[in-house]
Amino acid sequence: MSIVENAAPKKVPVRVRIAPSPTGNLHVGTARTALFNYLFAKAQQGQFILRIEDTDSERSTADFERNIYDSLLSLGLSWDEGPSPEGGEDKGSYGPYKQSQRGEFYTRWANALKSAGFAYDCYLTSEELDAERAKAKLENRPYVYSGRCRDPKVREELAQDPARKASLRFRIPDNRGVLIFKDHVRDEVSFDTDLIGDFVIMKSDGTPTYNFAVVIDDWLMRISHIIRGEDHISNTPKQVLIYEALQALKLPEGTPPVVIPEFAHVGMILAPDRSKLSKRHGATAVSEFIQQGYLPEAFCNFLSLLGWAPPDGEEVGTLEHFASQFSLDRIAQSPAIFDKDKLHFLNSKLIRLMPLEELLERAKPYLSDFDLGQYPKEKLLMILDAVREPITVLSELPESMIYFFGQKVILDARLVGEVLSGPEPEQVLKAFQNDFLSSADFTSPEALAEQLKAFTKSLSPIKTKTIMWTVRAALTGRTSGADLSKTLYILGRDIIQSRVETALILGSSVTN
Ligand code: GLU
């Protein structure tokens, strides 16, 4: 039993990475990991690196890669080193930063490990390996590769068969026993290396497996800390063993020293029902949430709190603020629950706090059905200000402001029957048309508010509430919404005039 060298934190420049595979859109779990790496890098004046793990050429696509870049950038997580999203040269001294372009490194170090006896060719076919697995299952024991090809004689013999293709297996050192590595989130983690079994590092097609590529890259890219999801915890002993083998190699001049990184394995993100967060629970990609109208800042804020808590207890904050407070020892080991209510709370809060001009720019993509040219900017800002209070996502905006656009408004039968018909509504609307509109001063919402007050008084004993309801229903087709004097000011006399007329006609058609 021995504790690996990463147990004692070293004073090295902080270099962390996020290493997504472009086999899907950027998942919220990966985004949360990226964010923690980013915050740690900023907190430690370190570097945040993006590496694209695209060795699976069948499932990796350029569109997914693009989605990863766009999603990270939209969250504000720009990388100090990594591929250029525009397709230009990579940024950073230790590239290339896409695994598909790093084949020579994997081949070179795989060969070095093989020559030094840390790896050997395995000629077993997938059928033979399946049979080994099936036997283990039958005997009710966990599967561990038999080690058949450890024997040079067996290798020699099997190599004669041209149909067999060799993969390269890492040799688990004999008597390595229990391996213990230090983890910032779970303290010490131990694994019995006897239960690992010699594992493939280079496939028979000459491409590396994840565990091998990740170590070669993290080493050559001088990664100091690996912060990632706990689903990778069982990969870590394999990776540590590869580091230890590399440490035993005689390295040529110019090769960086092999330093085992420090690890922090973050608890998973679970759905509210405590199952794995999946499509079944709705959106799982960052870009889907952004499309639905979550502000990237709010989403980022939300992700920060999934498994980490700021020491000052202030849960609403910017990336910079959280970065100034971030430390690995406050990362939670227990799973984080993806609590939509919290996301909604943060999003609506940021929508309410956002400067109006900026909100207008953010809202525009959601308002493409409206002719925004109908109003000067001052009125558009006023509309947003008047409707934003109850909004949780930007995609709710069109519905909340539809009555400001176009000449007409839809008055449904229920509204007409319940609010706009009968002697009182008729009296209110007629008075509104003849007395109020004919003389109203539309220069400001404040002036209109005063005039509305006088108008309601003049209609006594009809209740103020009834008057407001009726006017609002006639003008907006609903019984609640933006402040009425602001609504009047924004709509202007002509639109109001025509809507009141329509309401009177529809209301009387029910009465008679
Ligand atoms: N490509 C791996 C993933 O997306 C990276 C894991 C790691 O951080 O080592 O899960």
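Give me the count of lysine pairs in region 241-353 whose alpha carbons sit under 26 angstrom apart, restricted to pairs 8 or more positions apart or on different chains. Taking the Cα cut-off of 26 Å, the pair count is 5. Over the chain, all Cα pairs binned in 20 Å intervals from 0 give whole-percent P(r) values of 19, 38, 23, 14, 6, 0, listed from short to long. Here's the list of lysines a cross-link from residue 165 could span, going by alpha-carbon distance under 27 Å and ignoring same-chain residues fewer than 8 apart: 98, 114, 135, 137, 153, 203, 238. The alpha-carbon atoms of region 236-389 define a convex hull whose volume equals 202 cubic angstrom per residue.
The Rg/Rh ratio for region 1-131, using Cα coordinates for both the radius of gyration and the Kirkwood hydrodynamic radius, is 1.05. So for the chain, averaging the separation of alpha carbon pairs under 8 Å that are six or more residues apart and normalising by length, what relative contact order in percent results? Once normalised by length, the contact order is 13 percent. Counted by Cβ distance under 9 Å from residue 176, the other residues give a net charge of -3, where Lys and Arg count +1 and Asp and Glu count -1. Checked against a 22 Å cut-off, the cross-linked pairs 430/463; 377/465; 408/486 give Cα-Cα distances beyond that limit for 377/465. Beta bridges per DSSP, both residues in the chain: antiparallel share near 55 percent.
Taken along its three principal axes, the alpha carbon spread of region 139-178 comes to 38, 25, 16 Å, from the longest extent down to the shortest. No disulfide-compatible partner, judged by a Cβ distance under 4.7 Å, exists for the following cysteines of the chain: 300. A cut-off under 15 angstrom between Cβ atoms defines the neighbours of residue 51, and their net charge, with Lys, Arg +1 and Asp, Glu -1, is -2.
Computed over region 74-176, relative contact order equals 25 percent, with contacts defined as Cα pairs under 8 Å that lie 6+ residues apart. Semi-axes of the equivalent ellipsoid of region 432-475 are 17, 11, 10 Å, computed as sqrt(5λ) over the eigenvalues of the C-alpha gyration tensor in descending order.
Rounded to the nearest 20, the size of the Cβ-charge dipole of the chain about its Cα centre is 500 debye, with Lys and Arg at +1 and Asp and Glu at -1. Please list log₁₀ I(q)/I(0) at q = 0.12, 0.15, 0.21 Å⁻¹ for region 159-315, using the Debye equation with identical point scatterers on the alpha-carbon positions. At q = 0.12, 0.15, 0.21 Å⁻¹ the computed log10 ratios are -0.75, -1.00, -1.35. For region 289-356, run through the GluC sites (Glu not before Pro) and keep only the ones in DSSP coil with at most 11 other Cβ atoms within 10 Å of their Cβ. Sites meeting the loop and neighbour criteria: 314.
Applying 1/(1 + (r/R0)^6) with R0 = 56 Å to the Cβ-Cβ distance of residue 312 and residue 413 gives a FRET efficiency near 0.55. With 0.36 nm allotted per residue and the present C-alpha distance subtracted, the residue 479-residue 443 stretch has 10.5 nm of extension available.
For region 461-512, what percent of Cα pairs sit more than 13 Å apart? The answer is 60 percent, as a whole percent. If the segment from residue 353 to residue 379 were pulled out straight at 0.36 nm per residue, it would be longer than the present Cα-Cα gap by 7.5 nm.
Every number here is computed from the coordinates shown, using simple stated rules; none is lab data. Just so it is clear, the model here is predicted, and its values are computed rather than measured. With ideal geometry, Cβ positions are generated from the backbone for all residues, glycine too; neighbour counts draw on all protein chains shown.
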